[in-house]
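**Student:** Can you keep this structure in mind? I'll have questions shortly.
The values are calculated or read from the model by the stated rules, or taken from the named source; none is laboratory data. Predicted model only: the values in this text are computed from it and were never measured. All Cβ positions, even for glycine, are placed from backbone atoms using ideal geometry, and neighbour counts span all protein chains on display.
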């Protein structure tokens, strides 16, 4: 953090003896308005729209042009005073109206609709975990029923391990 801006979002800080403190305060509120519960029109847009609505936001693409030049991957929001930008931070998430999905910044790019985790828990019960080993296909033999039953038993065990069916 510098004496001028906040560490994470780069919000302007009020200074001792600063004239017109309301300007810094209002700028910080405008940026917070874009940062808290953010909703963007689209992700990865390189050119600013020609007629944006006040309060509308976009995630800038990797090769921005025009008023967005030099602001790759940032969240761009239109205000009555022009464009305001929030630098993307690792873990930052926005709701993308265009994709009807969450987009999350991983430190390098915005991933849209990706869900990552170690396991999925529904109603307090783990239902999907780590991938299990491959199941060999039946290969025939003298007693096909025995091989089919063994394959089915392995499939059922995998489904139970994932919590997709009860034990």
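**Student:** Any chance segment 4-23 includes a residue that's at pLDDT 75 or above, in a loop (DSSP other than H, G, I, E, B) and surrounded by 14 or more Cβ atoms within 10 Å (Cβ to Cβ)?
**Tutor:** No, that holds for no residue.
**Student:** Still on this model: Looking at residue 95, is it farther than 30 Å from residue 156 by Cα, surrounded by fewer than 15 Cβ atoms within 10 Å (Cβ to Cβ) and in contact with a strand residue (DSSP E or B) (Cβ under 6 Å, 6 or more places away or on another chain)?
**Tutor:** So residue 95 passes the test.
**Student:** Scan segment 71-91 residue by residue and report those that are modelled with pLDDT under 95, in a loop (DSSP other than H, G, I, E, B), more than 18 Å from residue 102 (Cβ to Cβ) and within 22 Å of the chain's Cα centre (by Cα).
**Tutor:** Of everything in segment 71-91, just one residue is modelled with pLDDT under 95, in a loop (DSSP other than H, G, I, E, B), more than 18 Å from residue 102 (Cβ to Cβ) and within 22 Å of the chain's Cα centre (by Cα), namely 87.
**Student:** From the residues in segment 51-70 that are over 22 Å from the mean Cα position of the chain (by Cα) and under 22 Å from residue 36 (Cβ atoms), which one is surrounded by the most Cβ atoms within 10 Å (Cβ to Cβ)? Full working, then the answer.
**Tutor:** Step one: list which residues in segment 51-70 are over 22 Å from the mean Cα position of the chain (by Cα), which gives 51-54, 65-67, 69.
With the extra rule that they be under 22 Å from residue 36 (Cβ atoms), the set shrinks to 52-54.
Numbers: 52: 16, 53: 8, 54: 9.
Among them, the one singled out is 52.
**Student:** Turning to a different aspect of this structure: Consider residue 47 carefully, then state whether it is assigned to a loop (DSSP other than H, G, I, E, B), without any contact (Cβ under 8 Å) to a residue 40 or more places away in the chain and closer than 30 Å to residue 160 by Cβ. I'd like the intermediate steps shown before the answer.
**Tutor:** Values: assigned to a loop (DSSP other than H, G, I, E, B): yes; without any contact (Cβ under 8 Å) to a residue 40 or more places away in the chain: yes; closer than 30 Å to residue 160 by Cβ: no.
No: the conditions fail for residue 47.
**Student:** Which one of these is crowded, with 17+ Cβ neighbours inside 10 Å and not in a loop (DSSP other than H, G, I, E, B): 160, 104? Lay out the reasoning, then the answer.
**Tutor:** Working: 160 fails: crowded, with 17+ Cβ neighbours inside 10 Å.
Within the list 160, 104, the selection yields 104.
**Student:** Now a separate question. Can you tell me which residues in segment 41-62 are out of contact with any helix residue (DSSP H, G or I) (no Cβ under 9 Å at 6 or more places or on another chain) and within 20 Å of residue 99 (Cα to Cα)?
**Tutor:** Listed by number, the residues that qualify are 41, 42, 43, 44, 49, 52, 53, 56, 59, 62.
**Student:** Taking segment 50-70 as the region of interest, how many residues are over 14 Å from residue 87 (Cβ atoms) and in a loop (DSSP other than H, G, I, E, B)?
**Tutor:** 12
**Student:** While we're here: Of all residues in segment 71-82, count the ones that are surrounded by fewer than 18 Cβ atoms within 10 Å (Cβ to Cβ) and over 12 Å from residue 43 (Cα atoms).
**Tutor:** The number of residues fulfilling the criteria is 4.
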